[in-house]
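What follows is a single structure, written as C-alpha cells, with notes after it.
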Amino acid sequence: MEKQTDRRSGAYARRRAHFALAFFAMMAVGLFAWNPDNLYLWIKALHIIAVISWMAGLFYMPRLFIYHTDAEPGSQSETFKVMERRLLRIIMTPAMMLTWIFGLYLAWSVYGFQGGWLHAKIGLVVLLTGVHMFFSRAVRAFERDENRRSARYWRFMNEAPTVLMIVIVILVVVKPF
C-alpha cells in the first residue's frame with residue numbers, strides 16, 4: 001500500500017496542485033479576455049475563494065505545529081514535516097499570492113485605492129502575510145528539527161490569523177471609515 005508521505009504521492013499532489021493553479025489562472029485570463037459586464041463579481045468570487053483557501057491553511061498550520069512539537073523525532077515527526085511542507089507549498093502560498101493579485105485588482109479597479117477602511121485592510125493583510133512568512137520559517141525550522149517553541153506558544157499563535165481575519169472582515173463589510 002502506498003503511503004501518503006511517499007515521494008511518489010507527493011509528486012502526484014504537486015501535479016494536481018499545479019493543474020489547479022493553471023486552471024485558476026486560465027479562468028482568470030479567460031475572464032479578462034471575455035470581459036463580461038459582471039467581471040467585478042467574478043474577480044470578487046475568485047478573491048474570496050483564494051482568501052478562504054489561504055485562511056484554512058493559516059488556521060491549520062499552527063495546529064500541526066502543536067502536534068509536531070509533542071512528536072518525538074522519527075516516524076511521526078517525519079509525517080508532520082510532509083504535511084506542513086505540502087500545506088505551505090501547495091495550498092497556502094499559492095492561495096496567498098492569488099489573494100493579493102485579485103485583492104489589489106479590486107482595490108485599484110473598484111476603489112482606486114481610496115478609503116481609510118481599505119488602507120487599514122491592506123495594512124492588516126500585510127500583517128497576515130507576515131504571519132504567513134513566520135509560519136514558513138517555522139516549517140523550515142521543524143524540517144531541520146530545530147523548533148525552539150512550545151506547544152503552548154503555537155496555541156497562542158493559532159489566534160493571530162483569527163484576530164486579523166475578524167478585523168479584516170469587519171472593515172470590508174462595515175467600511176467604518
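The values are calculated or read from the model by the stated rules, or taken from the named source; none is laboratory data. Bear in mind the structure is a predicted one, so any value in this text is a computation, not a measurement. Here Cβ is always computed from backbone atoms with ideal geometry, including for glycine, and neighbour counts include all displayed protein chains. Each accessible area value is taken on the protein alone, full model and side chains, heavy atoms only, with ligands, DNA and RNA left out. Shrake-Rupley method; radii C 1.70, N 1.55, O 1.52, S 1.80 Å.
Details
- Note on the range 103-122: residues that are in a helix (DSSP H, G or I), open to solvent by 40 Å² or more (accessible area, probe 1.4 Å) and among the aliphatic types (A, V, I, L, M) amount to 2.
- Hits in the range 63-90 - residues which are at pLDDT 95 or above and within 30 Å of Leu41 (Cβ to Cβ): Leu87
- Flag set for Trp100, criterion: under 18 Å from Ile48 (Cβ atoms) and either surrounded by 15 or more Cβ atoms within 10 Å (Cβ to Cβ) or under 13 Å from the mean Cα position of the chain (by Cα) (or both).
- Number of positions in the range 116-150 that are over 12 Å from Ile168 (Cβ atoms), among the small types (Gly, Ala, Ser) and out of contact with any Phe, Trp or Tyr (no Cβ under 8 Å at 6 or more places or on another chain): 4
- Cβ-Cβ contacts under 8 Å between residues 6 or more apart (or on different chains), taken from a first residue in the range 155-169 that is closer than 10 Å to Leu58 by Cα and β-branched (Val, Ile, Thr) to a second residue that is open to solvent by 40 Å² or more (accessible area, probe 1.4 Å) and assigned to a helix (DSSP H, G or I), are listed as Thr162/Phe59.
- Which listed residue is of a type in the set (Lys, Arg), free of Cβ contacts under 8 Å to residues at least 40 places away in the same chain and under 27 Å from Arg16 (Cβ atoms), from Arg137, Arg148, Arg85: Arg137
- Restricting the range 28-73 to residues that are under 21 Å from Arg137 (Cβ atoms) and outside any helix (DSSP H, G or I), the residue that is most open to solvent (accessible area, probe 1.4 Å): Pro73
- Selection within the range 123-177 - open to solvent by 90 Å² or more (accessible area, probe 1.4 Å) and closer than 20 Å to Thr79 by Cβ: Arg140, Arg144, Arg149
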